[in-house]
Amino acid sequence: MDLSELERDNTGRCRLNSPVPSVCRKEPCVLGVDEAGRGPVLGPMVYAICYCPLSRLADLEALKVADSKTLSESERDRLFGKMEEDGDFVGWALDVLSPNLISTSMLGRVKYNLNSLSHDTATGLVQYALDQGVKVAQVFVDTVGPPETYQERLQQRFPGVEVTVKAKADALYPVVSAASICAKVARDKAVKNWKFVEKLQDLDTDYGSGYPNDPKTKAWLREHVDPVFGFPQFVRFSWRTAQSILEKEAEDVTWEDSQTGHQEGLRRIKSYFSEGPRARLPHRYFQERGLESATIL
């Protein structure tokens, strides 16, 4: 699995894919969707699809694929290698979302929560397979949020495809298990080979599990928070764990308000109906950014 594109720029997102087996463009296919790294405070989130012809589903099951969380790293690598060897009937694609993309989406002026980001990424990968000519007949998805509403949304988006969304789908459907293995292998490799754009001294790469409740992960966050610039881009700074450490370890910042001093009292409601000139307030865009008209150059 070549993650060189992510290593060159790990601030956004990148998509990786296998060649599309020719048989997948001729026969009806089953496609599974799963992710790895949704919960950690460190590293990217990876969404994956895996697909094969319905006529070869038994061959995929024969690989003994399973929920990636129940497998060791070496077992996941071995099974992914087997899927690569069977590239004449198995295909996959990934969408790798960086910590920076996740956090800036969640904390932007227009909020984009993790569930919406997850749903849109999964939908985009299914559409990608269709755009590549894969004859997708059935889709199985490991749910994010209520499975009923998620399934309805996907079914409306892909009316010609039979969609099933279930909790723990990665343990129920082999094609979703295969997708979970692809996602986990990619995330593990991305975390292990992460290129820090920041010049960090005495960098400790023993992050622990990366989950917010892991003491080793929390210790790593406290050790690598800059009092002024915050965390490296490896950290999802929108996570509550990261925000709590920032509040305790980083320097306080005072934002100067352009309207300092006393605040004028509220106007009486009758004044809005009386004649006479009134000062027009600037647009909210300028107020929020503290921008004023320049009177002296």
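The values are calculated or read from the model by the stated rules, or taken from the named source; none is laboratory data. Predicted, not measured: the structure shown is a model, and the values here were computed from it. We place every Cβ from the backbone using ideal geometry, glycine too, and count neighbours over all the protein chains shown. Ligands, DNA and RNA are stripped out before the accessible areas are found, and what is left, the full protein with its side chains, is counted by its heavy atoms. Shrake-Rupley method; radii C 1.70, N 1.55, O 1.52, S 1.80 Å.
A few remarks follow.
- Residues in the range 124-171 that are without any contact (Cβ under 8 Å) to a residue 40 or more places away in the chain, part of a strand (DSSP E or B) and not hydrophobic (A, V, I, L, M, F, W, C): Glu162, Thr164, Lys166.
- Filtered by the rule that a residue be over 12 Å from the mean Cα position of the chain (by Cα) and either under 30 Å from Pro99 (Cβ atoms) or open to solvent by 30 Å² or more (accessible area, probe 1.4 Å) (or both), the range 36-64 gives Ile49, Cys50, Tyr51, Leu54, Ser55, Arg56, Leu57, Ala58, Asp59, Glu61, Ala62, Lys64.
- The numbered conditions (1) surrounded by 21 or more Cβ atoms within 10 Å (Cβ to Cβ); (2) under 14 Å from the mean Cα position of the chain (by Cα); (3) assigned to a helix (DSSP H, G or I) are all true for Leu79 except (2).
- Test: residue in the range 230-244 that is modelled with pLDDT of 90 or more and open to solvent by 100 Å² or more (accessible area, probe 1.4 Å): yes
- Scanning the range 148-191 for residues that are open to solvent by 20 Å² or more (accessible area, probe 1.4 Å), of a type in the set (Ser, Thr, Tyr) and in contact with a strand residue (DSSP E or B) (Cβ under 8 Å, 6 or more places away or on another chain) yields Thr164, Tyr173.
- Here Asp226 qualifies as more than 20 Å from the chain's Cα centre (by Cα), open to solvent by less than 100 Å² (accessible area, probe 1.4 Å) and at pLDDT 60 or above.
- Residues within the range 87-122 that are under 30 Å from Asp59 (Cβ atoms) and open to solvent by 20 Å² or more (accessible area, probe 1.4 Å), tallied: 2
- Qualifying residue in the range 275-296 (condition: outside any loop (DSSP other than H, G, I, E, B), among the hydroxyl-bearing types (Ser, Thr, Tyr) and modelled with pLDDT under 90): yes
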